[in-house]
Amino acid sequence: MSDYLVYLVEDETNLSEVLKAYLEKEGWTVKVFHDGDEAQKAIELETPHLWVLDIMLPGTDGYQLLKGIKENADTPVIFISARDQDLDRVLGLEMGSDDYLAKPFLPQELVIRAKKLLNRVYGTSTQEQKKIELNKYLIDPIGRTVIDTEGPNQEPVDLTTKEMDLILLLTGEVGKAFSRERIIEHVWGENYFGSERAVDDVVRRVRKKMPRVHLETLYGYGYRVLSS
């Protein structure tokens, strides 16, 4: 997939123009917002595939925007900031951002990070991704949806980005054991530096939302999904 829609929120005009040009070279559509209030209004109008957010903005800041974005849809977010790197990275990740870049950075680095994140979330080869039927759940890797087919209304299961990433990883190869390290790499990305207990938290939420899926704990190693 190449026709991604990216929302870039950056108040530095020159930088936003440069970043926009680099992102558009990938074939993506890029919409630029120069202040937080303008971006805030756009949250409920349309859902992009990716947000790139500066933290320090006129009006609504990046943290407030991130909260609003995640309340509306669990869209991937890359934070960019010239402030204290470690503090902002930790706070941003805790609030739900998926990656972080500290200014100054090369535009090519943002493109690389964005590609990796988009590929991780939306997949690189849709032709090979088929719907999975498991214990009366219909899992669609392309549309990133899970439908509970047990009831008459075919209710969707409300999963966050990380919960969806986890279930797609484990159900993509039913019966295969995945280490916590491998799960972290797939769900959180290579730059994650937090505790492996975050995996257990996501697993716990998935079990609650999809109780018929046999998600087995392999103590001291990781998890796997069994067919029954």
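Plugging the Kirkwood radius over Cα pairs into Stokes-Einstein for region 128-226, at a temperature of 4 °C and a viscosity of 1.567 mPa s, what D comes out in µm²/s? The diffusion coefficient I find is 94 µm²/s. In this Cβ point-charge picture (+1 for Lys and Arg, -1 for Asp and Glu), the chain has a dipole of about 960 debye about its Cα centre. Computed over the Cα atoms of the chain, the ratio of the radius of gyration to the Kirkwood radius (Rg/Rh) comes to 0.98.
Look at where the Cα atoms of region 1-45 and of region 212-228 average out, and the two centres are 40 Å apart.
For Arg197 and Ala82, the difference between the fully extended length at 0.36 nm per residue and the C-alpha to C-alpha distance is 38.4 nm. The Cα-based radius of gyration and maximum Cα-Cα distance (Dmax) for region 5-122 are 12.7, 33 Å. Counting charges near Lys41 (Lys, Arg +1; Asp, Glu -1) among other residues having Cβ under 14 Å from its Cβ returns a value of -4. Take every Cα pair under 8 Å whose residues are at least 6 apart in sequence, average their separation, divide by the length of the chain, and the relative contact order is 13 percent.
Residues Lys176, Lys70, arranged from fewest to most other Cβ atoms within 10 angstrom of their Cβ, appear as Lys176, Lys70. This ranking places Ser228, Ser179 by how few other beta-carbon atoms lie within 10 Å of each, fewest first, which gives Ser228, Ser179.
Any read-out appearing in this document is the output of simple, stated calculations on the displayed coordinates, not a laboratory observation. Predicted, not measured: the structure shown is a model, and the values here were computed from it. Neighbour counts run over all protein chains shown; Cβ positions are idealised from the backbone, glycine included.
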